[in-house]
Amino acid sequence: LPFAPVRPRAMAGPSGIQISFLRRGRIDFDGWAPIEIPLDEDSESYAIEIARPSGGPRVLAATATSVLYASADVLADFGSQPAALDLTIRQISASVGPGFPLVAHVPVQ
């Protein structure tokens, strides 16, 4: 299974909240050089779940380590800009499905 992503961030902007994180690798990732680690997959895919006060998560799909939580969706889910988000982020593997989750309470900056 893909490892859980790390270092989640949530940055507020005029178009919404930009959620970003770092992926981790399983193969050939033990170097210390500041380079991009191998993807370990044919394509990059993530599922980002955002806990909503009304219940049931909002699920966003991403093909990179960043996704926009659009202002209209934030307003529909929270009524105003939240101070923090409860996130569950998983890398999706084409061969084995969702990987280990990152579960985090992330302040919106």
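Throughout, read-outs are computed from the coordinates displayed, never taken from laboratory work. Please read all numbers here as calculations on a predicted model, not as lab measurements. Here the Cβ positions follow ideal geometry from the backbone for every residue, glycine too, while neighbour counts run over all protein chains shown.
Structure notes:
- In range of the label at residue 51: residues from the range 71-109 whose backbone nitrogen is under 16 Å from the point 7 Å along Cα→Cβ: 78, 82-90, 101-108
- Positive minus negative residues near residue 103 (Lys, Arg vs Asp, Glu; Cβ under 14 Å): 0
- Sparse packing (at most 12 other Cβ atoms within 10 Å of the Cβ) combined with a DSSP loop state is found for none of the chymotrypsin sites (Phe, Trp or Tyr not before Pro) in the range 46-87.
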